[in-house]
1. Could you state the accessible area per residue of segment 40-106 in Å², with a 1.4 Å probe and every protein chain left in place?
2. Take Glu94 and Glu19, extend 7 Å from each Cα along the Cα→Cβ direction, and tell me the distance between the two endpoints in nm.
3. Compute log10 of I(q)/I(0) for segment 12-91 with the Debye formula, placing one identical point scatterer on every Cα and leaving out solvent, at q = 0.15, 0.18, 0.27 Å⁻¹, to two decimals.
Amino acid sequence: MDSVRENGAKLDKLEHAFEAVAAYFSVLSEPTRLRIMHAICEEEKTVSQIVEELGATQTNISRHLNMMHRSGVLARRKQGNQVYYRAADAAMVEICRDVCGHIAAQMDEKKPLRGDLLRLMPKSRGKKRTV
């Protein structure tokens, strides 16, 4: 019974860490944010370029960009009246790539969705994708 209490106490101490991890992963919990990561994982783009590529409203894209910036996933810089965004968290980009590759590997190769998913995140330079 003491070991159960000890494990419970250890988990209680880790609660803050678990909440931080959940918050980190929540950035990826919305399809528009995944699409944004795809759009800028290789190079920085202006808000206008992202809006055009994703075919969404500027208001919607700006809301997601601001949330992703506040969470530290994206960096931004202003040049004149343009705001540029780029991926600032290499781990997040790799998580996206890895999850897309993992899901694609589980799909039947004959299904067109598999190929679309494999193209979702461009390959990282120097890292071979295993699927």
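1. 56 Å²
2. Going by the 7 Å Cα→Cβ label model, 2.8 nm.
3. So the normalised log intensities work out to -0.52, -0.71, -1.40.
The values are calculated or read from the model by the stated rules, or taken from the named source; none is laboratory data. Just so we're clear, the structure is a prediction, and the values are computed from it rather than from any experiment. In this analysis, Cβ positions are derived from the backbone assuming ideal geometry, glycine residues included, and neighbour counts consider all displayed protein chains. The protein model used for the area step is the full one, side chains on, heavy atoms only, and it has no ligands, DNA or RNA in it. Shrake-Rupley method; radii C 1.70, N 1.55, O 1.52, S 1.80 Å.
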